[in-house]
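Participant: One structure is given below, represented as structure tokens, and several questions about it will come after.
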Amino acid sequence: MESLQIPPVDLRLLTPLLIVVGWAGALLLIDVFFVPDGRKKITGYLAIAGLAVAGLAGIPLWNLSGSTFSGMLVLDRYSLALTWIFLIAGALSIAVALDYLPRHAIEQGEYYPLIMFAVGGMILMAQSADLITLFLGIELLSITLYILTGFAYPRVASEEAGMKYLVLGAFAAGFFVYGIALIFGATGATSLAGIAAYLGRQPFAPQEETLFLAGASLVLIGFSFKIALVPFHMWTPDVYEGSPTPVAAFMSVGTKGAALAALLRVTLALEEAQTFWLPILAVLAAATMILGNLGALGQSNLKRMLAYSSIGHAGYILLGIMVAAERGAEAFLFYILAYTLTNLGAFGVLIALEQRGEAAWSIDDFAGLYQRRPLLAVAMALFMFSLAGVPPTAGFMGKFFIFTAAYAGGLGWLVLIGVLTSAIAAYYYLRVVVKMFMQEPVREVRPELTRGLNTEILIAGVATLILGLLPTPIVLLVERSLVALGG
Amino acid sequence: MATVIQIIFGLIAALIVGAAVMVVTVRNVIHAALWLIACFFGVGALYLLLEAEFLAVVQVLVYVGAISILILFAIMLTRQVTGEGVRQLVGGWRLWLTAAISALLFAVAIVPTVISHSWNVPAPPAPPGTPEPLAGVAELGRAFVYEFLLQFQVAGVLLTVALIGAIVIAFEERARRRRVLTLAEEHELRKRLAHPPPVEAPAGEPAPAPRATPISEGEVQQ
Amino acid sequence: MLANYAFIAIFFVAAVTFPLAPLVLAFFLRPKRPTPIKQSTYECGLEAIGDLRVQFKVQYYLYALAFVIFDIEVVFLYPWAVAFNQLGLYGFTAAAVFLIILTAGLIYEWRKGALEWV
């Protein structure tokens, strides 16, 4: 058929994605053919190298922007910045796992390619300008995470976590697809641009758009599950607690970050329908901030505490998304970066304390850590301060930007809730610090620090400090990254 | 003609709903799986009635052909088929209350839509740039390669990851399990036992039936 | 289009009716005088002991999963094959890439030893 032309495909725009996914596939085969059992660390180093190459390959794309694959995939500075954040998250999650997996006798070479596939899914989500592409990205990420959650084979808790996540995640995916179908039925488009064009054709009248609104609500349910917004957060503590700690670390920053990034794009596309969309987001954000932080208060298990705290942080990030059209997107990017580094660092300390056969997640195990491992205790204190939003850390700057952007965007009452819940959050974060520095050890826990872990904690700690002390260069970078994000 | 189709639709719908109800009420899980297959068939027939031939083929190929096999195998793997002795963590009124609230919320989202949406109005004109609506299988094939090339390939990656996941989670390492001989190895072993080297094996001892007991890998290599 | 399938529907109805009708007829026509001898297992070896069901190996499930995955691959390739003549080299390449991705998974599975029957 002559009339069909090959659609222009600009492969440059998806260089990082191609490298990550291609490298992951190749690494899978390299691992199973050439890497002997017991030396699977080689695979891990190769995976980190692949992520680094993908990151470097992204640098020349900074001045490039455009869309390809019939407009279903876009590259702009926003997606590129997110890509880098995701690559860092993936590389750090691999670094902490290098020694964790053999120590717990659950080492399988597949861990590293799977993390890379997950990063590929996240990049796809950040770049997608189309609901179908977005869904495929979510699924690629989710399927990988279902596997990784159940990775610690002999631990029943890990299997249970994988099972829970799979069943609930499948439901959420069902809602998401149903929502896409309804939106397509109403607007005739799955691309965000097409939906925005449909909404822009006349003033928004909710009573005439029920089909679209039902679809949008269902899509939001799918998002809320992935981000773990409050009424859809129930799975989070159980899954984080059951899954291997590096996976929990990756999930806490990865799924959340990618899903929030995609939600930001969707929110921008639904600009015309914001009288409907924003109040829902506001309620979700308020509930998430309040219940996430209150839930963390009662936890004596640090892994569960971090799970609840990550729920609470999603609420703060949601504020940035709601005012994305103004300065919220910048605050969002900065917060994601700060949160990713801080949270990965905190999980890194948790991993250092974890022994084979027994988990040192109880808050009492942190008692007197300063006397045994002063540097580790200082690092943990830094991460806790950052998560609590105490200056001069990255977390403080992130919260500052988010709250000012939200306040300028007219979300005063949400900012008030945010500040109040941050005060609550400070209590349970600082409790850990107090335990570490001012109490005697309750029992002997010998942290095992290995090279990968040391590097990870060092990188995360230094970055947390730098972002807090000298945020200007990053802020400038972030600001510049949003020139192209017109919606 | 229209009434005939409506009657057929009614029959198929009754089959689907009836089978679906049986799936969740029958105590025996294998019976539930068989009812599920009937339900899948009904959905396939419904697709045919809607003149969606390809979907009907996919329905039969994937759901009736593959998914049902998967479900049956999964049942064969489980120990307790009848469901007795299974402890339910949340039961009684709390379960029903949760189910009722969820169903109610979903109904709140869907029912007004179904009622208030003007269904018979032709679809709004698609914004420029959207692909043309698809009709047949050939168009679908073209769309996979042209408009949806990216999705097509990502679907391939997705399937591969699913395969890896199946192996990572369900597959036991060879070292951890015992192994049965392949036919060629069995043949080899029988030949060796029939003509034993003079010193090691005394004559007259009957050759063991190779299939009867699993022989571990170490023994085969001797 | 539906007319084409009407034959299948008629065939389906006939296929269900023919075996069912004699059974139903026999149920109503036959005399019912059960005795213990008649109801015993008839020349089929020993009385069965224990459960009929055996627990399968996980290997079966792994095969079934691989089967499902490649079945879904067929779903993608089927429309492509129908449209093959119109797609040219470009379409061929696109499907080849798709197949290479899946073949990588298959090679992995083979090398891992998951295809061996144990």
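Participant: Is it the case, given these coordinates, that A:Gly418 is within 18 Å of A:Leu284 (Cβ to Cβ) and crowded, with 22+ Cβ neighbours inside 10 Å?
Facilitator: Taking the combined requirement at face value, the residue satisfies it.
Participant: In segment B:52-67, what count of residues is obtained for those that are touching a Leu at 6+ places or on another chain (Cβ under 7 Å) and either more than 10 Å from chain C (Cβ to nearest Cβ) or without any contact (Cβ under 8 Å) to a residue 40 or more places away in the chain (or both)?
Facilitator: 1
Participant: Right, something else. Select, from A:Leu260, A:Leu281, A:Leu211, A:Leu199, the only residue that is hydrophobic (A, V, I, L, M, F, W, C), within 25 Å of the chain's Cα centre (by Cα) and farther than 25 Å from A:Ile94 by Cα.
Facilitator: Of A:Leu260, A:Leu281, A:Leu211, A:Leu199, the one residue that is hydrophobic (A, V, I, L, M, F, W, C), within 25 Å of the chain's Cα centre (by Cα) and farther than 25 Å from A:Ile94 by Cα is A:Leu281.
Participant: Just to be sure before I move on: is A:Val32 in a helix (DSSP H, G or I), modelled with pLDDT under 90, β-branched (Val, Ile, Thr) and more than 21 Å from A:Glu456 (Cβ to Cβ) in the structure I sent?
Facilitator: yes
Participant: Would you mind telling me which numbered condition in (1) touching a strand residue (DSSP E or B) at 6+ places or on another chain (Cβ under 7 Å); (2) of a type outside the set (Asp, Glu); (3) more than 9 Å from chain B (Cβ to nearest Cβ) A:Ile183 fails?
Facilitator: (1)
Participant: Among the residues of segment A:162-214, what is the count of those that are among the charged types (D, E, K, R), part of a helix (DSSP H, G or I) and crowded, with 20+ Cβ neighbours inside 10 Å?
Facilitator: 0
Participant: Looking only at segment C:79-108, which residues are within 25 Å of C:Leu62 (Cβ to Cβ) and aromatic (Phe, Trp, Tyr)?
Facilitator: Selection gives C:Phe98, C:Tyr108.
Participant: Can you tell me which residues in segment C:96-118 are within 7 Å of chain B (Cβ to nearest Cβ) and either surrounded by 15 or more Cβ atoms within 10 Å (Cβ to Cβ) or outside any helix (DSSP H, G or I) (or both)?
Facilitator: Initially, segment C:96-118 is screened for residues within 7 Å of chain B (Cβ to nearest Cβ), giving C:97-98, C:101-102, C:104-105, C:108-109, C:112-114, C:118.
C:Phe98, C:Ile101, C:Leu102, C:Ala104, C:Gly105, C:Tyr108, C:Glu109, C:Lys112, C:Gly113, C:Ala114, C:Val118, listed by residue number.
Participant: Next question. Can we say A:Tyr78 is within 12 Å of chain B (Cβ to nearest Cβ) and of a type outside the set (S, T, N, Q)?
Facilitator: Taking the combined requirement at face value, the residue does not satisfy it.
The values are calculated or read from the model by the stated rules, or taken from the named source; none is laboratory data. Predicted model only: the values in this text are computed from it and were never measured. Positions of Cβ are backbone-derived with ideal geometry, glycine not excepted, and every protein chain shown enters the neighbour counts.
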